[in-house]
Structure formats: C-alpha cells, structure tokens
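Here the structure comes first, spelled out in structure tokens, and everything after it is commentary.
The values are calculated or read from the model by the stated rules, or taken from the named source; none is laboratory data. Here the structure is a predicted model, which is why all the values come from computation and not from measurement. Note that we place each Cβ from the backbone using ideal geometry, even for glycine, and neighbour counts take in every protein chain shown.
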Amino acid sequence: MDLPTIWFILVGVLFTGYVMLDGFDLGVGGLHLFVRKDEDRRIFLNAIGPVWDGNEVWLVTGGGALFAAFPEVYATVFSGFYDAFMLLLFGLIFRAVAIEFRSKQPGRLWRGGWDTAFAIGSLLSSLLIGVAMGNVIHGVPLNENHEFMGTILTLLNPYSLMVGVFTVSLFLMHGNIYLILKTEGELQQRLLRWVKVTIPIFLVLFAIVGFSTPALLPHIGEALARKPIPLILFFVLAILLALNIPREVYRGKEFRAFLCSCGTMASLMILFGATVYPNMVFSVPDPANSLTIANGSSTDKTLGFMFVVALIGVPIVIAYMASIYYIFRGKVKLDAESY
Amino acid sequence: MDVEILSRIQFAFTVGFHFLFPPLTIGLGLNLVIMSALWLKTRNPLYHNMARFWTRIFGVIFAVGVATGIVMEFQFGTNWATYSRFVGDVFGSPLAIEGIYAFFLESGFLAILLFGWNKVGPKLHFFSTCMVALGSHFSAIWILVANSFMQTPAGYFLAKKVKVTEDGTQHPLSANLAEGTYTVKEVPLPDDYVLQQADLTSVRAVIDNFWELVFSPSSMDRLIHTTLACWLAGTFLVISVSAYYLLRRKHVAFAKASMKIALIVASITALLQLWSADSTARGVAENQPTKFAAMEGLADSTTDAPLGLGGIVTWERDAEGNRVGINESALKIPGLLSILVSGDFLNPGKGAQTEVKGLNDLPSDAFLQRRYPDKTPAQIADVRPEYWPNVPVVFQTYHIMIACWGGIALVAFLGLFLWWRGKLWQPEHSRFIRFFLWLCILSIFLPQIASQSGWFTAEMGRQPWVVYEILKTSEALSEVVRANQVLTSLILFGLIYFLLFLIFLYSLNSKIQHGPSEDLTGAELPEKWRPLSMKGGRMEDVGKSPPQ
C-alpha cells in the first residue's frame, strides 16, 4: 500500500473517531430540549460531561493530520467552505460554552437560554458536518489550481443538504442509544421509547441517501460499477448493524446496542471513504481538477515520518481513552462536581 | 479594509484571546502537580482542598481554551490557504503531533481530574494530574516548534513541481503537454532562489530533516522563554486569588499555603526567565537582526550600542508620507546592548566592541540585491523600509514586556521577603501589607500583558514575512476568501468572544467566591481516599462530621 493511501485511511480513522464519539454528544445536544425536567437535562449534560472535550480533540487532531498529510486538501476545503466552517466553529463554541455554564446559575431564563444554545449549537454542527461530507461526495467546482470556485450557495445544494439532514438523524439515533447506556429508571424508559422514532427515521433517510446517491451522481454510479463489492458490503453492514440495535436494546444489552450504533457509524465512514477514494475533493464539472490522494498529499518523506509518529501515538491514545471511558462507565449520578 | 489586514486582525484577535488561557492552564498544571504531590506526601487534607479548588478553576479555563483552540487549528486553512499549501509539508507535522501527543493526553486525563474524585484512588488521580500537566507542556512544545519555523525556517528546502517529458526535459506546470507524455516531478530549487509570486502554485517548502525543524535556531530558546512565561501566568493566578483571601481573612490557612507554593515557584521562574530572555534576545539578534533592531529602535549600526529602557520611536517620513527611517528618543544605558549581544559579561570592555546592526543596514544589501537584481544601490536603500516591521509598535510591545517582568520580579521577591520576615500573613496590622496584597491581586495582569506583548513583538517583528525571509504575509492569503466574509466572521468572533469572556470572568469569580473546602479533618475527602488521610495522629477524626 502506498503512503498516501495509508494516510487516507489514517485521516479516515481520526474522523471516524470524531463522528463516533462527538456524534453521540452532538446527538445528546439535539435531543436535549425533548426532556423538560431540569434534573433530566442535567443527566443528559453529565452523560457527556467528562468526555465531550476529549471527543472534540478528534476533530482538532483530524484537522491537524489533514494539514500534515494533505495540505492541498486542507487549504482548499477550509478556504473554500469558509462561511460554513465559521458557522461550524461558532456552533461548536456556543455548545461548549453552554455545557460549561448552564448549570452555574439556577435561574429559569439562564438555564433555558443555555439549553437552547446547546441544542441549536449541536444540531447546527451536526448539519454542517453532514453538508460538508455531502459536498465531498457530490463534488464542488475547483479550478486548475484546486481553488474552490463557488459560494456558500454552491455548498447548500439539495443533495448535500439531504446528507446533512441524514447526518443529523444519525447523530440523534447515536445520542439516543448512548443516553440509554447512561440512564436508568423512568428516564431510561422514555429513551427506550424514543428509539422507535430515531432508528426508523435514520433507516428511511439512509435508504433514500443510499439509493439516490449512485442514481443522482454519475461519478458515484461509476464508482459503484467499478468496485461494487466493498460498497455494497458496507452499505448492507451499516443497515444490518442499525437493525440489530433495537434487538439488543430490548434484550437489555445496552452496551452491545451502543457498539452496534458505533459499528453503523464506522461502516458508514468506510462506505464514504471507499466511495470517494482515491479522490479527496471531487471536482465538478471538470473532474480533471479533482484533488486526489496523489496530487493533494505531502511528500513521502513527511508521510513516512508521520506514519511512524501515528503508529506509536494513536494506539497509546486509544488505550488510555478506552481506559478513561471504562473509568466513567455506568449510570450518571449527579454530585457536587457535576455540570 | 482589504482581506490581508482583516485576516491579520482576525488571526491576531483569535490567537490573542486564545493565548489568555493556555498559559494559565500550563502554569496552573505545574502548581497542581506540586499541590497533589504535597498531599500524597503529607496526607494533609489542606493540600487536597487546594488541589481540588485549583482543579475546578483549571476546568473553567481549560473549557474556554478548547473552545477557542479549535478555531486556531482551522484558521490556517480558512484564511491562509496559500500559506497552508506552501508550508503544509513542513508545518502540518508539528500540528498533527500536537493533536496526537498533547491534546488527547490533556483532555482525556482532565476528565479524571475533574470528575474522577470518587472513581479512582489518589495515586491514579495524581498520575492523571501529571499527565494533564505533561499534555499542556507538550502542546506548548509543538506549537512553538511550528511557530519557530515561521521565525527561523530550518530543516526544509524549496521545491518546484515541473512536468518532465520522456527525454528528461523539464517544463513548467502550466505548459500545455499532451496527456500521458509527461510525469509531474518535484525538483529542488537552488539555495539562492527567490520566491516569485507567479511560482506560488508550483513551489512549496518540502521537509528535509525533521529534527532540524524541531531544533531550529530559535525553537528551544522560544520554547523555554514561553514555558516560563506560562508558569508565571498560572502562578500569578494563584498569588492573586490567595492575596484576595488573605485580605478578606477568608480561607486563611488555604491561602497561606497556596501563596507559599506560588511565591517560591514565581521567584525561581522569574530568575530563570531573566536567563532565558537574555539567551532568546541574543538568538533574535543573530537570526532575525531586523526584528532585533526594531525591538531596540536602533537606526544605525554601531559598536557600543546603548540599551534603551523606554521611550518613543516614530516613523521618519518623506514628503509623500513614505517611511524612510525612524526617530527615537529613549532613556539609554550606554554600551549595554553591545555587551548583552556579545554575551561576554566578564569582559564588558571587549563586549562593547560588538557591532549591532541598525535598521538602515537591514535587511542587508546583499539580501535585497538578490531580490532586486536590476536596482542600483540607491534604489535598494529606497525599498529597504518595505522590509521593516512596524518599528514603533514592536519597540513598545517589547519594552512593555520587559517592564512587566520588572513588576513580576518585584512582587515575587518582595513577597518572599515579607514571608521571611513573618509579616505577610498579618494584613490587619499593616497598611503596607494591605497595599502589597492589593498589588498581588492586580499582579495577575502582569504575566498576561507580558505574554501578549511578547507575542506581538515576536509576530509583528517578523513582518512583512509570514515565513521569515521566504514568504511574505501578503502572499499567504486564501485566494478565494473575500474581505466581506472575513469582516463578517471577525465581527462575529468579536461578539462571541466578548460574551465568552464575560461568562468566563463571571464563572471564575463565582468559583473564587465559593472558595475551597475548609475541612481539615479529611471528612470531605472522597470515600476511597479517607483511610489514607493523615498517616498518624489525626486518624481518629476520620469519618466524623467537620467541627462547626
């Protein structure tokens, strides 16, 4: 395997880590306003309390890895999607601030205001992440220097918005399952009922996105014809894992349900990566201007060196992050240090 | 306003705001390690209360640091895309390493620090404290390695992408060759190559030796200098809050113990900073002489160069208003600058013979001649000021930083002296002690102002370059981003950060007003930790309710 491909996978691993982890806390944010009692909302917040900022680090590190391994892609995407990324940053900042400060004061207006900020920040961030991914699949206009030639309206095309909405539904489902893992009693019963809504919505949207993508986008249709086995395999795997979630939930296997939800997300990310590979930013209408893993990457020297760095670092990170998640396993209990 | 100035303002504003917080967490992290270690060693619940209180403060600061830090990771791409393309092969690596080796460590173990009191034992908690402190220091290392590449680029070469046909001839990337008759190759450029605007799409900096990048001529000096500044920032937060408690006669035992630790750390760090500053400045004189001359407001090259303590530097302009030189009037110590630059303190007479270059000779004629081969020496002298930073600003920020160090050293050593004389803890007996404690409260601003103005000195002193003497800031922007987009985001950043700052101050204040636990019996320790409290003597108190 060549180094750009290895780095394509590594950057993919980091972004998969991000959506799998921040995905549930963005989802929790999206569901936040659906519970009304203050205590329930605090349980939602504290379910993600110890881990949300660590989860966002996956995005930061993914961004850093993209910069190191594919600087052309980093530069094109972030400057081209300027307004969208600024909105995403504001959404993430608002969200972080809301989590941190909501429970510092008892006032209804104070808490209600931050609750809304938390929910909107989370939903907006989820939507924008989805829209960005939608555009990567859909393709964007690039010139021969790989500069983005559109505006924010180019990015808000119907296909990408559809992927955005789909991403929101995915994160809401994932957040729902995570909350079941972290709650008990009456609140958990309610969350169990929510699954009957969140999972079907996700599945319907997934079917729509899944079947319309090769039909609407000729280059994806070609990709499907070229490499049908992996694409169909991970498409089916994502559906099977998602279908298995309710089964595990009703057998009382909460952790397995959560793993299935994570598995669904991982399958979707692999599907996404396998679909676009070897392109990183597909160019429409002129595919010759596309950024690929070959023309967008750093030199082999940098990729090789950074591969060693990642090979040592990433397993250590995964090991202690898993331990920390293990330490905070179990149901949320509110105490003096809680949000 | 154009995109360049707006993007520079946005970067300066967002990084300046962000940079209020990491120094606090880095410095506080060091203090937390000391406090937690003291608890493990003495088992005195006082130190536990201390660690616990400062951990809560740490949490608030860290949250704002993360929220504003994400912005920084993406801003190279959003606003400085040409820069990102040009240096990505070299500059991206330290940022990625920072993510993998620093941010994860810091944020992961912070969860245990903040929320793990009842989940883990004291030793694992202490280990987590160390990991958080280590993570915050790692992040300082890698971001400074990255930034030092912009100051003193090293470990790289410039390479150009060309189309090579089968017979081996090289054509420019823009050449119209038939598909399949050529391959794109990246060829190294000669050392005396001067970057042309037209080449920006095909030339980039390529890594040559990663360790030369890490140990670039300025990186270690700047790393040490900045880390010490961070220690001062965190430590003066402890001094400030402790002084407030002492003055209010609240949490006195806690405040005394915190103050003692902080005064010791602050004094040692202030002394180390003197040594580091000397070494850093000498490095700037050697590697970035133009910046150095701007910092000192030195117009003409001279031996026996004086050290300016403070004063005013203004632009000298010609009839059309173009910058042609500087006027300075400053209070000076004769010859000291030459001696400092020579580093030969034992032979000041000989050291004073060292010539320090002034702005009228910088950048050198040879450097400018290479960029303008067609110009006569007189014309070269005319373009020279375009290669100077904003001297009046750099001069002032540099001297503000030094003045802040004076204040820092004064507070730290006066505090130590008053502690030694036993007077510091009785503010009710002495107006002077009350005045000094007030000074301590306000001294929180000193390291912050020093860090910010020092950072402005470093970055504005680097101008007009974004990568020193290679790529100009004006060439580094995003091609596709327009002024109105940056203006909009800048205004929104302004509003959001203003709000964020108010909430931060409010939250910090409420934590300070709430204060640490007063319990000295160990009854408020986490359940699992209690048997470990107070190795002898006071064990019988364990489990009883605290005395009221």
Query raised in the report: Considering only segment A:63-106, how many residues are of a type in the set (D, E, K, R) and within 8 Å of chain B (Cβ to nearest Cβ)?
Result: 4
Report task. Please enumerate the residues belonging to segment B:18-45 that are of a type outside the set (A, V, I, L, M, F, W, C) and either more than 19 Å from B:MET72 (Cβ to Cβ) or surrounded by fewer than 18 Cβ atoms within 10 Å (Cβ to Cβ) (or both). Result -> B:GLY27, B:GLY29, B:ASN31, B:SER36, B:LYS41, B:THR42, B:ARG43, B:ASN44, B:PRO45
Query raised in the report: If you take just the helices (runs of 4 or more DSSP H) that sit entirely in segment B:374-484, which of them hold at least 3 residues that are over 27 Å from B:LEU271 (Cβ atoms)?
Result: B:377-383, B:391-420
Query raised in the report: So how many residues does segment B:353-376 have that are under 16 Å from B:ASP300 (Cβ atoms) and either aliphatic (A, V, I, L, M) or under 28 Å from the mean Cα position of the chain (by Cα) (or both)?
Result: 6
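A quick yes/no check of all residues on (1) modelled with pLDDT of 90 or more; (2) outside any helix (DSSP H, G or I):
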position: A:HIS174; (1), (2): yes, no
position: A:ILE177; (1), (2): yes, no
position: A:ILE201; (1), (2): yes, no
position: A:LEU224; (1), (2): no, no
position: A:PRO230; (1), (2): no, no
position: A:GLY252; (1), (2): no, yes
position: A:ILE270; (1), (2): yes, no
Query raised in the report: Can you tell which of B:ALA243, B:ALA277 is within 28 Å of B:VAL391 (Cβ to Cβ) and of a type outside the set (S, T, N, Q)?
Result: B:ALA277
Query raised in the report: Looking at (1) among the hydrophobic types (A, V, I, L, M, F, W, C); (2) in the same structural domain as B:ILE26 (by TED's automatic domain parsing); (3) without any contact (Cβ under 8 Å) to a residue 24 or more places away in the chain, can you tell me which one B:ALA133 breaks?
Result: (3)
**Report entry** Filter result (within 15 Å of B:GLY406 (Cβ to Cβ), among the β-branched types (Val, Ile, Thr) and either in contact with a Lys or Arg (Cβ under 9 Å, 6 or more places away or on another chain) or surrounded by 20 or more Cβ atoms within 10 Å (Cβ to Cβ) (or both)) within segment B:440-461
**Finding:** none
Query raised in the report: Do we have A:GLU254 as in contact with a Cys (Cβ under 8 Å, 6 or more places away or on another chain), charged (D, E, K, R) and more than 14 Å from chain B (Cβ to nearest Cβ) here?
Result: no
Report task. Could you pull out the residue among A:ILE293, A:ILE270, A:ILE245 that is touching a strand residue (DSSP E or B) at 6+ places or on another chain (Cβ under 8 Å), more than 14 Å from chain B (Cβ to nearest Cβ) and in contact (Cβ under 8 Å) with a residue 24 or more places away in the chain? Result -> A:ILE293
Requested in this report: Inspect segment B:157-177 for any residue being within 30 Å of B:ALA37 (Cβ to Cβ) and either buried (at least 16 other Cβ atoms within 10 Å of the Cβ) or not acidic (Asp, Glu) (or both) and give the result as yes or no.
Outcome: no
Query - Filter pass, B:PRO94 being touching a residue at least 40 places away in the same chain (Cβ under 8 Å), farther than 17 Å from A:LEU66 by Cβ and more than 7 Å from chain A (Cβ to nearest Cβ) - result: no
Report summary line: Only one of (1) crowded, with 16+ Cβ neighbours inside 10 Å; (2) under 19 Å from the mean Cα position of the chain (by Cα) does not apply to A:TYR325, and that is (1)
Query - Close pairs from segment B:105-120: first more than 7 Å from every other protein chain (Cβ to nearest Cβ) and farther than 20 Å from A:VAL314 by Cβ, partner assigned to a helix (DSSP H, G or I) and of a type in the set (Gly, Ala, Ser), Cβ under 6 Å, at least 6 apart - result: B:LEU113/B:SER128
Query raised in the report: Just for segment A:137-174: of the residues that are of a type in the set (Val, Ile, Thr) and buried (at least 20 other Cβ atoms within 10 Å of the Cβ), which one is farthest from A:VAL77 (Cα to Cα)?
Result: A:VAL168
Report task. Please work out which one of (1) touching a helix residue (DSSP H, G or I) at 6+ places or on another chain (Cβ under 7 Å); (2) surrounded by fewer than 24 Cβ atoms within 10 Å (Cβ to Cβ); (3) modelled with pLDDT of 90 or more; (4) more than 7 Å from chain A (Cβ to nearest Cβ) is the condition B:TYR101 fails and give its number. Result -> (4)
Query raised in the report: Restricting attention to segment A:107-125, does a residue exist that is without any contact (Cβ under 8 Å) to a residue 12 or more places away in the chain and within 8 Å of chain B (Cβ to nearest Cβ)?
Result: no
Report summary line: Within segment B:43-87, residues within 19 Å of B:MET131 (Cβ to Cβ) and of a type in the set (Gly, Ala, Ser) come out as B:ALA51, B:GLY59, B:ALA63, B:GLY65, B:GLY69
Report task. Restrict the check to segment B:250-262 and report whether at least one residue is of a type in the set (Val, Ile, Thr) and more than 14 Å from chain A (Cβ to nearest Cβ). Result -> yes
Query raised in the report: Taking B:VAL15, is it surrounded by 24 or more Cβ atoms within 10 Å (Cβ to Cβ), under 23 Å from B:SER453 (Cα atoms) and either of a type in the set (Val, Ile, Thr) or within 14 Å of another protein chain (Cβ to nearest Cβ) (or both)?
Result: no
Query raised in the report: Has segment A:307-327 got any residue that is touching a residue at least 12 places away in the same chain (Cβ under 8 Å) and away from every other protein chain (no Cβ under 14 Å)?
Result: no
**Report entry** Cβ pairs under 7 Å, 6+ apart, first in segment B:232-253 and in a loop (DSSP other than H, G, I, E, B), second surrounded by fewer than 21 Cβ atoms within 10 Å (Cβ to Cβ)
**Finding:** B:LYS250/B:GLY515; B:HIS251/B:GLY515; B:HIS251/B:GLU518
Report task. Consider B:GLY415 carefully, then state whether it is loosely packed, with under 15 Cβ neighbours inside 10 Å and within 30 Å of B:ILE264 (Cβ to Cβ). Result -> no
Query raised in the report: From the list A:ALA288, A:ALA238, which one is farther than 30 Å from B:GLU98 by Cβ, assigned to a helix (DSSP H, G or I) and more than 10 Å from chain B (Cβ to nearest Cβ)?
Result: A:ALA238
**Report entry** Pick from segment B:466-495, criterion away from chain A (no Cβ under 11 Å) and closer than 23 Å to A:GLY150 by Cβ, ranking: nearest to the chain's Cα centre (by Cα)
**Finding:** B:LEU487
Query raised in the report: If you check every pair at least six apart or on different chains, which have Cβ atoms under 7 Å apart with a residue in segment B:21-41 that is more than 15 Å from B:SER139 (Cα to Cα) first and a residue that is assigned to a helix (DSSP H, G or I) and polar (S, T, N, Q) second?
Result: B:ASN31/B:THR235; B:LEU32/B:THR55; B:LEU32/B:THR129; B:VAL33/B:THR129; B:SER36/B:THR129
